[in-house]
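To keep things clear, I will list the structure first and then write my remarks on it.
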Protein chains: 2
Amino acid sequence: MRKVNLTEKLALFSDHWKPRIVGELNGQYVKLAKLAGEFDWHKHTNEDELFLVLAGCLVIRLRDRDVRLEQGEFFIVPQGVEHKPVADQETHVLLFEPVSTLNTGDRRSDRTVEDLQWI
Amino acid sequence: MRKVNLTEKLALFSDHWKPRIVGELNGQYVKLAKLAGEFDWHKHTNEDELFLVLAGCLVIRLRDRDVRLEQGEFFIVPQGVEHKPVADQETHVLLFEPVSTLNTGDRRSDRTVEDLQWI
């Protein structure tokens, strides 16, 4: 039961595409991540996923369109929907998703984070 | 499946202590609210509740201490924990909580919002 300062937490890591847990409630995690470049196409079979941009700009590519998120904008990718996050510049996001969510969804790769960490 | 701009949504209402829904995922709502003054002591028997301050300053009084949240800070009130939100100035917050959550928790009053609205 401690408050969380997003700026302080973001200062604790610098690697990209490796979310950190900063909160847990009702079976969901609140995570922070730093993104840069292109991630892999994937989907989450059973989990809806929220991306809220805290700094920078994130494009979430869907199979039929792109969703461009600036600071202060969020988008919910429904379960089962393929998506590919792309950040042309370093971008900081807050994620809200079930505890069961794997960052690469239904596809394991060297970018899959198995040992999700709290900060 | 539309993106949500928090600033644009906040411009759509001005009343205090009446959250609006701006997103839904995994049985949870994302809500926005404008707060000013003191709310009632209450608890949510079955729901954890997250307050993220977007603008202003929110004090969440607990029975044993106060938690002071500035912009960019969040706090999760665990289920069953009595709390009383207080905002000395107008404060804008984002809430994450289960769809079942009532704003006044276990106590109904004239501040209870029964007809929660999407914006």
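Throughout, read-outs are computed from the coordinates displayed, never taken from laboratory work. In this text, all values refer to a predicted model and were calculated from it rather than measured experimentally. Counting neighbours? That spans all protein chains shown, and the Cβs are built from the backbone with ideal geometry, glycine included.
The single condition from (1) part of a loop (DSSP other than H, G, I, E, B); (2) within 13 Å of another protein chain (Cβ to nearest Cβ); (3) surrounded by fewer than 18 Cβ atoms within 10 Å (Cβ to Cβ) that B:GLU47 fails is (3).
Of all residues in segment A:100-111, those that are crowded, with 18+ Cβ neighbours inside 10 Å have Cβ atoms under 8 Å from Cβ atoms of residues that are of a type in the set (Phe, Trp, Tyr), 6 or more apart or on another chain, in A:THR101/A:TYR29; A:ASN103/A:TRP17.
A:ASP15 fulfils the conditions (1) surrounded by fewer than 16 Cβ atoms within 10 Å (Cβ to Cβ); (2) more than 23 Å from B:ASP48 (Cα to Cα); (3) in contact (Cβ under 8 Å) with a residue 40 or more places away in the chain except for a single criterion, (3). If you go through segment A:89-99 and keep only what is surrounded by 13 or more Cβ atoms within 10 Å (Cβ to Cβ) and not β-branched (Val, Ile, Thr), you end up with A:GLU90, A:HIS92, A:LEU94, A:LEU95, A:PHE96, A:GLU97, A:PRO98. For segment A:23-37, a tally of residues being more than 8 Å from chain B (Cβ to nearest Cβ) and under 13 Å from the mean Cα position of the chain (by Cα) returns 7.
Output the number of residues of segment A:52-80 satisfying the condition of being without any contact (Cβ under 8 Å) to a residue 12 or more places away in the chain and either surrounded by 17 or more Cβ atoms within 10 Å (Cβ to Cβ) or in contact with a helix residue (DSSP H, G or I) (Cβ under 9 Å, 6 or more places away or on another chain) (or both).
1
Each residue in segment A:66-118 was checked for being part of a loop (DSSP other than H, G, I, E, B) and of a type outside the set (Ser, Thr, Tyr), and 20 pass. The set of residues in segment A:72-115 being closer than 20 Å to A:ILE21 by Cα and of a type in the set (A, V, I, L, M, F, W, C) consists of A:PHE74, A:PHE75, A:ILE76, A:VAL77, A:VAL93, A:LEU94, A:LEU95, A:PHE96, A:VAL99, A:LEU102, A:VAL113. Among the residues of segment A:1-22, those that are over 13 Å from B:GLY72 (Cβ atoms) and more than 11 Å from chain B (Cβ to nearest Cβ) comprise A:LEU12, A:PHE13, A:SER14, A:ASP15, A:HIS16, A:TRP17, A:LYS18, A:PRO19, A:ARG20, A:ILE21.
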